[in-house]
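The values are calculated or read from the model by the stated rules, or taken from the named source; none is laboratory data. If you're wondering where the values come from, they're calculated on a predicted model, not measured in any experiment. FYI the Cβ positions are ideal-geometry reconstructions off the backbone, even for glycines, and counts take in every protein chain you see. SASA here: full protein model, heavy atoms, side chains in, ligands and nucleic acids out. Shrake-Rupley method; radii C 1.70, N 1.55, O 1.52, S 1.80 Å.
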Amino acid sequence: MRERNEKINERIAVGLFLVSFATLGLYYTLTNPLYGKPDEVYHYAFTASLLEGRGLPTVDLSVQGVGSHPPVQQEGHQPPLYYAAIAGLAKLLHLEDRWTASPNPHFLGTSPGNRSPWAPYLVSAANAPIAITGRLVSMLCGLLALLCAYLLFRLFLDWPISLAATALIGWNPQFVFIATSYSNDMASVATINLGLWLLGLALVRGLSLRRAIVIGMVAGAGALVKIGGLGLLSVAWGLPILL
C-alpha cells in the first residue's frame with residue numbers, strides 16, 4: 001500500500017512539473033515577438049521554402065561574407081525533419097501566415113544591442129499560425145526532453161532527486177526560452193534525451209534486439225533533425241563494453 005501511494009505521489013509530482021513547464025512555455029511562445037529569438041528568421045525561411053514547393057534549400061558556397069546569403073541559405077545546411085513536420089502540419093491544417101518580416105533599421109547601430117538584422121514582430125497566433133505552430137512543436141519537444149531526462153535519472157536515483165534534477169533544467173529561463181523558439185534545437189535535444197534514456201534502459205535491463213532497433217531508429221531520427229544526433233551512435237557503440 002505504501003509503495004502504491006509512493007508511485008501515485010511520484011506521478012502527481014511529475015505531472016504537476018510538466019504542467020508548470022507547459023504553462024511557462026505557452027507564455028513564452030505567445031508573448032515573445034517573432035524573430036526575437038536566435039535565428040528564427042532563418043529556420044522559418046527553410047519551412048517557407050518547402051511550403052512554396054522549392055524543395056530543400058541549397059547553400060551557395062561560392063559566396064562568402066556576412067549577409068551575403070539570403071535567409072533560406074543561413075540554415076539550409078540543416079537536416080529537414082523539423083521543417084518538414086511544420087510544413088506538413090501547415091498543409092494538413094491549411095495554415096497561412098499573414099505577416100512579413102521587416103529589416104532592422106538599427107542593425108549594428110550600437111555596440112551592446114541591435115544585433116539582429118530583422119526587427120522582432122509581435123503578432124497574434126491568428127495572423128502567424130505557422131510561426132506559432134513551429135514554436136509549439138518545439139515546446140512539445142521540450143516536454144519530451146524533460147520527461148526523458150527524468151526517466152533517465154530515475155533509472156539510478158530516487159524520484160524526488162530525479163525530479164529536482166529535472167526541474168533545474170526545465171525551470172531554467174534560458175531553457176524555456178530556447179524550448180519555445182522556432183528552431184530545430186529542442187527537437188534535437190528531445191531525440192538525444194530519448195536515445196540516452198533507451199541506452200540507459202539497455203544498460204540496466206539488457207540490450208534486446210527490439211531495443212537495439214528502437215535505439216537505431218531514434219538515432220536516425222535525431223540525425224534527420226540535426227547532425228549532432230549522430231552522437232548517439234558513438235554512445236551506442238560503447239554500450240557493449242559496459243554490458
Discussion item. As I understand it, the value is the acute angle between the Cα axis of helix 40-51 and the longest principal axis of the Cα atoms of the chain; what does it come to in degrees, rounded to 10?
Written reply: 90
Worksheet item: What is the set of long-range amide H partners of Leu34 at a cut-off below 5 Å, with H atoms built 1.01 Å from backbone N?
Response: Tyr121, Leu122, Val123
Item to complete: May I ask which residue of Ala164, Leu24, Ile192 lies farthest towards the positive end of the charge dipole of the chain, with charges of +1 (Lys, Arg) and -1 (Asp, Glu) on Cβ and the Cα centre as origin?
Response: Ala164
Worksheet, complete the sentence: Note to self: with every protein chain in place and a 1.4 Å probe, the range 6-69 gives an accessible area per residue in Å² of 58
Item to complete: Would you check the accessible area of His69, probe 1.4 Å, heavy atoms only, in square angstrom rounded to 10?
Response: 40
Worksheet item: Roughly how many Å² of Asp39 are accessible to a 1.4 Å probe, to the nearest 10?
Response: 70
Fill in: Whole-Hz couplings from phi, Karplus 6.51/-1.76/1.60, listed for the range 178-194; x for Gly and Pro
6, 5, 10, 9, 7, 6, 8, 4, 6, 4, 5, 4, 5, 5, 5, 5, 4
Worksheet item: Any idea what the dipole of the range 65-192 comes to, in debye rounded to 20, about its Cα centre with Lys/Arg Cβ at +1 and Asp/Glu Cβ at -1?
Response: 80
Response to the item:
Unit-weight point scatterers at every alpha-carbon of the range 1-102, Debye formula, q = 0.18, 0.19 1/Å: log10 I(q)/I(0) is -0.97, -1.03
Item to complete: Calculate the dipole size of the chain relative to its Cα centre from +1 charges on Lys and Arg beta carbons and -1 charges on Asp and Glu beta carbons; express the result in debye to the nearest 20.
Response: 620
Practice prompt. Sort Met217, Met139 from largest to smallest accessible area, using a 1.4 Å probe on the heavy atoms of the protein chains.
Written response: Met217, Met139
Discussion item. When 1/r is averaged over all different Cα pairs and the result inverted, which Kirkwood radius in Å belongs to the chain?
Written reply: 19.8
Worksheet item: For Arg4 and Glu96 in one chain, what is 0.36 nm times their gap in residues minus the Cα-Cα distance, to one decimal in nm?
Response: 28.3 nm
Fill in: Which of Leu207, Leu198 is most accessible, then next, and so on - probe 1.4 Å
Leu207, Leu198
Worksheet, complete the sentence: Within the chain, excluding any GluC sites (Glu not before Pro) found in a DSSP loop (not H, G, I, E or B) and having at most 15 other Cβ atoms within 10 Å, the longest uninterrupted segment runs 97-243
Worksheet item: Hey, how many Å between the Cα centroid of the range 113-179 and the Cα centroid of the range 38-58?
Response: 22
Worksheet item: What does a probe at Tyr27 reach in the range 156-176, counting residues whose amide N is under 15 Å from the point 7 Å along Cα→Cβ?
Response: 170-176
Worksheet item: Ignoring ligands, DNA and RNA, what percent of the 1.4 Å accessible area of the chain is carbon and sulfur?
Response: 66
Worksheet item: Any idea how far the Cα center of the range 85-101 sits from the one of the range 15-36, in Å?
Response: 20
Worksheet item: In degrees between 0 and 90, to the nearest 10, how far off the longest principal axis of the chain does helix 81-93 point, with axes built from Cα atoms?
Response: 70
Worksheet item: Taking Cα atoms, how many degrees apart are the long axis of helix 159-170 and the longest axis of the chain, rounded to 10 and kept between 0 and 90?
Response: 10
Worksheet, complete the sentence: Here the FRET efficiency for Leu230 versus Val19, based on Cβ atoms and R0 = 35 Å and rounded to 0.05, is 0.55
Practice prompt. When you have a sec, figure out the Kirkwood radius of the range 99-243 from all distinct Cα pair distances and drop it here in Å to one decimal?
Written response: 17.4
Fill in: Efficiency of FRET from Cβ geometry, Ile12 and His77, R₀ 41 Å, rounded to 0.05
0.40
Worksheet entry | Charge dipole of the range 1-79 about the Cα centre (unit charges at C-beta), most positive-ward option of Ile12, Gly53, Val72 | Ile12
Item to complete: Excluding Tyr182 itself, calculate the net charge of residues whose Cβ lies under 11 Å from the Cβ of Tyr182, where each Lys or Arg counts +1 and each Asp or Glu counts -1.
Response: -2
